[in-house]
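Below: one structure, written as structure tokens.
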Number of protein chains: 2
Amino acid sequence: MNLEEIGEFGLIKKVKPLCFIRKKNIIKGIGDDCAVYEIDKENAALLTTDMLVENVHFLRNKITPYDLGYKTMAVNLSDISSMGGRPSDAFLSIAIPGDITVEYLEELYEGMMFLGMKYNVNILGGDTTSSKTGLVLNIALTGVIGKDNILYRGSAQSGDKIYVNGYLGESAAGLDILLKDIDLNYKLKSHLIKCHNMPEVYIDEGIFLSESGLVNACIDLSDGISSDLLHICEESTCGAVIYEDKLPVSKELQEYTKSTGKNPEEIILSGGEDYKLLFTVKKDYSGQLEKDYFEKFGQKIICVGEIIEGDQIILKQKNGKERNIKPTGWDHFSSGT
Amino acid sequence: MNLEEIGEFGLIKKVKPLCFIRKKNIIKGIGDDCAVYEIDKENAALLTTDMLVENVHFLRNKITPYDLGYKTMAVNLSDISSMGGRPSDAFLSIAIPGDITVEYLEELYEGMMFLGMKYNVNILGGDTTSSKTGLVLNIALTGVIGKDNILYRGSAQSGDKIYVNGYLGESAAGLDILLKDIDLNYKLKSHLIKCHNMPEVYIDEGIFLSESGLVNACIDLSDGISSDLLHICEESTCGAVIYEDKLPVSKELQEYTKSTGKNPEEIILSGGEDYKLLFTVKKDYSGQLEKDYFEKFGQKIICVGEIIEGDQIILKQKNGKERNIKPTGWDHFSSGT
């Protein structure tokens, strides 16, 4: 069977029963952004791992080694933030092709550690090997969290408001600019490319959400709303409504779509690698959380929809019509059929 | 600067200062087979990660997916065993080229979990991605150990006897047979190839050694004695003597060297991927440990040398002469100059 036929998540479903021997201290195995296991009465450990492969996740001539190091750390930190955790230590495995210099690697480590140090994350170990083909980077990242505060994908409740914590679609626009060498004004181009190559990380925001007691479910937006919301809905056995007119379009994304003739909301729904947080808030407390979050971070969280019963994900379009959203986010294997 | 000029361990030395922010609960960072950090008063957590890259660590047409899965788990378990620990959970990152089928992956997971289940190791999570080139497998593996029992590389003492727990060089012979399609009798060939593709794992043996209180330092033999003993000597600030006539040559390795005109001891010194344990034993207790180990496992441990003062690693040859052993084990980058 060709992998395209079942896709990445089909494969995970297929091998999951093979992988899981339940042990006493395991709180969550496969199926969330991190695995979770008990440390003591109050605390749990988190572990996540993410791999970046040359020509799949990045093109070496489109990202500086510093930014690539930064991004490798960022995508892993993002998984910790989506559970509401605090990161601890990183373990880097790196496969290095023959044409990469020591200076390239030093810059890469510097970018990685710039972000690591911000969150007091060590690189505590790893594996260094050569590669006959592309550069491959894998980080395994540990974290800690209070056992009562863990944010899962599977805890959304019907009636919850769905929030994101920033503009979306800018990373996908940045990628498009990089791949097609689209000519836009320098400032706009730099901003969108930076969104793609050096995504923000929301550790403090994730901890705040987890400690608020008002958030039911959370995931980081790595594959686009349509894919990532589907994970929440599948794990929580619920549906969702998204309001097209509420999707947060930055003025930079608007400017880019004007120049390229694209639809900003389509980019937001299917565009990957925003690494913002997508979370659901208990229905009567969304106003309070909006206020508290703004007071703490000086940034708004944006309500984009609502959790409903059933298993449909419905987009209420600006034209008043409704349509079912089929996930159109990034799947590494699926042929999209 | 070209990476060849400084080699894998040169690179690690270069980036190590950049990577390490000491935290209270970290017992050991970069520089051993696993990172070690405190869990509670009695216990420490271990974490190791190892990456297998197609055409560097394996050729897809020379190993079955089942064996490849087994080996990916084995090399990581080996790092836990060399610290004396008990493995807990595995996290698999896998980059999959387009020509790999679902059936291939199922076999690979089966091989991995065959060995995982033997030691009650879950695959608790990971990352699944596509690859434009080769298959890449990375496991991050956690473990636990009593804080007083941890076996480090850096605790060898002058006067310690140096031991290994089995025949060496067979994996290197197996690799040679695979690469050159050497024609030998079926049984011999199968045995040596199996040593390369499906190395034994010594978790119980590592725990036994760590709990014996008689072992000072330990490492797993991934790069050949000359390289791995150098790690022990460098970290312990000591030298070593190896007796050529004590190196354990199996009858299969002897038969292979007879057919190929090679020197078995040379293969043992420089050949990688044996994944046996190399450990140093307090000088007055080696007889006792030999006896206890044999009683427990029905297998002999073999004394191959002695830790000495200084920083030289000397081979006492069969002809009575001495020579310094320059590491000739596997370095992924070094040009060997």
(request) Among DSSP beta bridges whose residues both lie in the protein assembly as shown, state the antiparallel percentage, nearest 5. (result) 75
(message) Using DSSP to call loops (not H, G, I, E or B), can you name the GluC sites (Glu not before Pro) in the stretch A:189-239 whose Cβ has at most 16 other Cβ atoms within 10 angstrom?
(response) A:E200
(message) I need the inter-copy label distances for B:K180: point set 7 Å along Cα to C-beta, values in nm with one decimal, smallest first.
(response) 5.5
(request) Evaluate Rg over Rh across the stretch A:1-133, taking Cα atoms for both radii and Kirkwood's formula for Rh. (result) 1.01
(message) Could you tell me the calculated FRET efficiency between A:Y285 and B:K283, based on Cβ-Cβ distance and R0 = 60 angstrom, to the nearest 0.05?
(response) 0.30
(message) Relative contact order for chain A: what percent, with Cα pairs under 8 Å and sequence separation of 6 or more?
(response) 22
(request) Kindly flag which residue pairs out of A:K71/A:K251; A:K147/A:K276; A:K194/A:K283 have an alpha-carbon separation exceeding 27 Å in this structure. (result) A:K194/A:K283
(message) With N set to the number of residues, divide the alpha-carbon radius of gyration of the stretch B:214-296 by 2.2 N^0.38 Å and report two decimals.
(response) 1.21
(request) Using Cα positions and a limit of under 18 Å, work out the aspartates and glutamates in reach of B:K291, with same-chain residues fewer than 8 apart set aside. (result) B:D160, B:D204, B:E205, B:E211
(request) Output the direction-averaged projected area (hull surface divided by four) of the convex hull of the alpha-carbon atoms of chain B, in nm². (result) 18.4
(request) Quickly estimate the mean residue ellipticity at 222 nm for the protein assembly as shown, helices only: each DSSP H run with n ≥ 4 gives -39500 (n - 2.57), and the total goes over all residues, rounded to 500. (result) -12000 deg cm²/dmol
(request) Using the number of other C-beta atoms within 10 angstrom as an exposure proxy, rank B:D79, B:D99 with the fewest first. (result) B:D99, B:D79
(message) Residues of the stretch A:161-180 with backbone nitrogen within less than 19 Å of a virtual label 7 Å along the Cα-to-Cβ line of A:F294, please, listed as ranges.
(response) A:161-168
(request) Could you work out, for the stretch B:149-250, what percent of all Cα-Cα pairs fall into each 10 Å distance bin, beginning at 0 Å and stopping at the bin that holds the largest distance? (result) 13, 39, 31, 14, 3
(message) Neighbour counts of other C-beta atoms within 10 Å: give me A:C303, B:C218 arranged from fewest to most.
(response) A:C303, B:C218
(request) Among B:I267, B:P199, B:T48, flag the residue with its Cα farthest along the positive direction of the charge dipole of chain B, charges on Cβ as +1 for Lys/Arg and -1 for Asp/Glu. (result) B:I267
(request) For A:I182 paired with B:K147, estimate the spin-label separation in nm (one decimal), with each label point 7 Å from Cα along the Cα-to-Cβ line. (result) 5.6
(message) Give the lysines whose C-alpha is closer than 20 Å to that of B:K14, dropping any in the same chain fewer than 8 places away, or say none.
(response) B:K28
(request) Evaluate the relative contact order of the stretch B:148-237 (contact order divided by residue number), counting alpha-carbon pairs under 8 angstrom at least 6 apart; express in whole percent. (result) 50
(request) Using all C-alpha to C-alpha distances in the stretch B:171-317, build P(r) with 10 Å bins and read off the rounded percent in each one. (result) 10, 38, 35, 15, 2
(request) Take peptide A:36-48, look around each residue's Cβ out to 10 angstrom, count Cβ atoms belonging to other protein chains, and average those counts. (result) 2
(request) Ignore the peptide's own chain and count Cβ atoms of other chains within 10 Å of each Cβ in B:27-35; give me the average, rounded. (result) 3
(request) Calculate the spin-label point distance for A:S190 paired with B:E5, positioning each point 7 Å from the Cα along the beta-carbon direction, and give it in nanometres. (result) 3.3
(message) Taking every DSSP beta bridge with both residues inside the stretch B:1-139, roughly what % is antiparallel (nearest 5)?
(response) 60
(message) If you take every residue apart from B:G125 with its C-beta less than 12 Å away from the C-beta of B:G125, what net charge results, scoring Lys and Arg +1 and Asp and Glu -1?
(response) -4
(message) Given Cβ point charges of +1 (Lys, Arg) and -1 (Asp, Glu) and nothing else, what value in debye, to the nearest 20, does the dipole of chain A about its Cα centre take?
(response) 460
(message) For the protein assembly as shown, what are Rg and Dmax over the alpha carbons, in angstrom?
(response) 26.5, 92
(request) List, in the order given, every pair from A:K262/A:K321; A:K13/A:K132; A:K161/A:K189 whose Cα-Cα distance in the structure shown is over 23 Å. (result) A:K13/A:K132; A:K161/A:K189
(message) To make sure I understand the rule: partners must be aspartates and glutamates, Cα under 12 Å from the Cα of B:K246, and not fewer than 8 residues away in the same chain. Which ones qualify?
(response) B:E265, B:E306
(request) Give, rounded to the nearest 20 debye, the magnitude of the charge dipole that the protein assembly as shown has about its Cα centre when Lys and Arg contribute +1 at Cβ and Asp and Glu contribute -1 at Cβ. (result) 240
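Report the calculated FRET efficiency for A:E103 and A:E309 (r = Cβ-Cβ distance, R0 = 56 Å), to the nearest 0.05.
The value I calculate is 0.50.
Read-outs: derived from the displayed coordinates by stated rules, not from any lab. Keep in mind it's a predicted model, so treat the numbers as computed, not measured. Backbone-built Cβ (ideal geometry, glycine too); neighbour counts: all protein chains shown.
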